[in-house]
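One structure is given below, encoded as structure tokens.
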Amino acid sequence: MQLAIVARSEGPRGMRKHADLMPDAFGRMGLRLLSSGADPDDIRALLGLSAARDARLKEIVAEGLAGIADAENPQRLETRLQRIANGF
């Protein structure tokens, strides 16, 4: 809510100085897009792609570690992880 108040008073370009204060990369990216004048639909699209990519990476790591813990055949594990990476 504070960021919306700052944006109202300083405008979107005034948000750049607040980007470095964001604790996570996702928030920093969003504020940088906003401060650069990105269109709202572009912000949604770009952050959506970033979130999807991060979710897929987390899934790959989790499945890889679980497969190792399960003593899964390394070739089968690699094939399974590649399928996740490719979105299948």
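Quick notes on this structure:
- Scanning the stretch 7-40 for residues that are part of a helix (DSSP H, G or I) and open to solvent by 70 Å² or more (accessible area, probe 1.4 Å) turns up Arg8, Ser9, Glu10, Arg13, Arg16, Lys17, Phe26, Arg32, Pro40.
- Single residue of the stretch 49-64 satisfying the filter (open to solvent by less than 80 Å² (accessible area, probe 1.4 Å) and acidic (Asp, Glu)) that is modelled with the highest pLDDT: Glu63
- Of all residues in the stretch 1-22, none that is farther than 11 Å from Leu34 by Cα has its Cβ atom under 7 Å from the Cβ atom of a residue that is of a type in the set (Ser, Thr, Tyr) and open to solvent by 100 Å² or more (accessible area, probe 1.4 Å), 6 or more apart or on another chain.
- Leu46 being in contact with a Leu (Cβ under 9 Å, 6 or more places away or on another chain), open to solvent by 60 Å² or more (accessible area, probe 1.4 Å) and not β-branched (Val, Ile, Thr): yes
- Scope the stretch 67-87; condition open to solvent by 90 Å² or more (accessible area, probe 1.4 Å), under 19 Å from Arg53 (Cα atoms) and assigned to a loop (DSSP other than H, G, I, E, B); matching residues: Asn86
The values are calculated or read from the model by the stated rules, or taken from the named source; none is laboratory data. These figures come from a predicted structure and were not determined experimentally. As a convention, Cβ positions derive from the backbone with ideal geometry for all residues, glycine included, and neighbour counts pool all protein chains shown. The accessibility values were calculated without ligands, DNA or RNA, using every heavy atom of the protein model including side chains. Shrake-Rupley method; radii C 1.70, N 1.55, O 1.52, S 1.80 Å.
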